[in-house]
Amino acid sequence: MEFNMENTERPTRPLLFDFHGVSMTHYFTDNWEKVQNFQARPDDILIATYPKAGTTWISYILDLLYFGQSAPERQTSLPIYQRVPFLESDFHVFPPGTEVADKLPTSPRLIKTHLPVQLIPKSFWEQNCKVVYVARNAKDNVVSYFHFDRMTKVEPEPGDWNNFLQRFMDGKMVFGPWYDHVTGWWEKKQTHSIIHYMFYEDMIEDMGRELDGLCSFLGLSPSVEEKERVIEGSHFDNMKNNSMTNYSNVPGMDFKISRFMRKGKVGDWKNHFTVTQSEQFDEHYQRKMNNPNLQFRTVV
Ligand code: A3P
């Protein structure tokens, strides 16, 4: 599978448009027919997240759990975005996500998506595939999204922080409103035990505990040493310094503006929100989030 890193020129940032009621850019809809008709296999594991919720982190954890021992060469030769294809992506400089997934030699296949639950290709449900969903509190999520959109040209123009925050509250982000995404997946989980719903903040607080929960969901029983290896390898500093996980070799990202592995913290929102912005955001949040069972922490 050829990943052409030479063609880094992208003339303009993509525009947002409405796609089945969700804001999208063409990078995630150009290949839609193949996405919708994608043939999942029963042992596929779908990693689902809202953008910037910790997708790369959980992807690497799963990759280490499944292949860290059996295929150590993957760890040094294949960047994480090639090991874990991004299902709906069609960036043109890379093969589309469906094609990469179709050609993945591994079993299980780890496949990443940012799609809201209602847009997931039906074969994942038909095949009863396991899904690992990671959610992150809205305030840190929007901050991370802002810096990401500043540094990558595959995203719409972010504008200034105040405008970006308003757009986030209005749900005019790629992959739609955060509020609907986290709630939609949470509600689906109530009737689908094949969904394991995790929180970024819990992972920061106690990765050992979260890894145990994840392994029990997946039916894996790694040794103590293996678990330590996964926790160590997926630590923020190690992922930041690892060229296979830090996205440093991806075209179209300007690390002079912001790094992909930026801070990896809970509570960085406090360095961005003014008191007024925070109050307005909280007030709006209360109106948008009406499932009392879904609670996020903005500090740990
Ligand atoms: P920040 O921008 O707040 O630093 P995604 O992979 O979904 O795009 O999410 C990226 C966010 O997850 C970034 O957040 C990134 O730093 C953070 N992240 C990635 N790996 C991490 C790790 N090992 N520990 C904590 N945070 C991590």
Checklist line | the stretch 23-141 - Kirkwood radius from inverse mean 1/r over Cα pairs (Å) | finding: 14.6 Å
Notebook entry, point to check: What percent do you get for the relative contact order of the chain when only Cα pairs under 8 Å and 6+ apart count?
Noted result: 25 percent
Item checked: Check: the stretch 178-252 dipole with +1 on Lys, Arg Cβ and -1 on Asp, Glu Cβ, in debye -> 300 debye
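For Ile195, Ile231, what's the fewest-to-most ordering of other Cβ within 10 Å of each Cβ? The partial results should precede the final answer.
Working: Ile195 20, Ile231 16.
Ordered by Cβ neighbours within 10 Å, fewest first: Ile231, Ile195.
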Checklist line | Size of the chain as Cα extents on the principal axes (Å, biggest first) | finding: 52, 43, 39
Notebook entry, point to check: Per-residue ellipticity at 222 nm for the chain, helices alone: DSSP H runs ≥ 4 residues times -39500 (n - 2.57), over residue total, nearest 500 deg cm²/dmol?
Noted result: -11500 deg cm²/dmol
Next item on the list: Pick out, from Gly159, Tyr247, Phe86, the residue whose Cα sits farthest towards the positive end of the charge dipole of the chain, with +1 on the Cβ of Lys and Arg and -1 on the Cβ of Asp and Glu.
Entry: Gly159
Margin query: I need the trypsin sites (Lys or Arg not before Pro) found in the stretch 88-121, filtered to DSSP loop residues with at most 13 other beta carbons within 10 Å of theirs.
Written below: Lys103
Next item on the list: Taking the dipole about the Cα centre of the stretch 75-143, with the C-beta of Lys and Arg at +1 and of Asp and Glu at -1, give me whichever of Ile120, Pro108, Pro96 is farthest to the positive side.
Entry: Pro108
Item checked: Ascending count of other beta-carbon atoms within 10 Å, so fewest first, for Thr276, Thr183, Thr113, Thr56 -> Thr276, Thr183, Thr56, Thr113
Note to self: Based only on other Cβ atoms within 10 Å, what is the fewest-to-most ordering of Leu110, Leu87?
What the structure shows: Leu110, Leu87
Notebook entry, point to check: At what distance in nm do the modelled label points of Ser223 and Lys256 sit from each other, each positioned 7 Å from its Cα along Cα→Cβ?
Noted result: 4.8 nm
Next item on the list: Quick one: check the C-alpha center-to-center distance for the stretch 67-127 versus the stretch 193-211, whole angstrom.
Entry: 21 Å
Checklist line | Within the stretch 20-288: Cβ-based charge dipole about Cα centre, in debye rounded to nearest 20 (Lys, Arg +1; Asp, Glu -1) | finding: 220 debye
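Values quoted throughout were computed directly from the atomic coordinates according to the rules given, and no laboratory measurement underlies them. Everything numeric in this text was worked out from a predicted model, so none of it was measured. With ideal geometry, Cβ positions are generated from the backbone for all residues, glycine too; neighbour counts draw on all protein chains shown.
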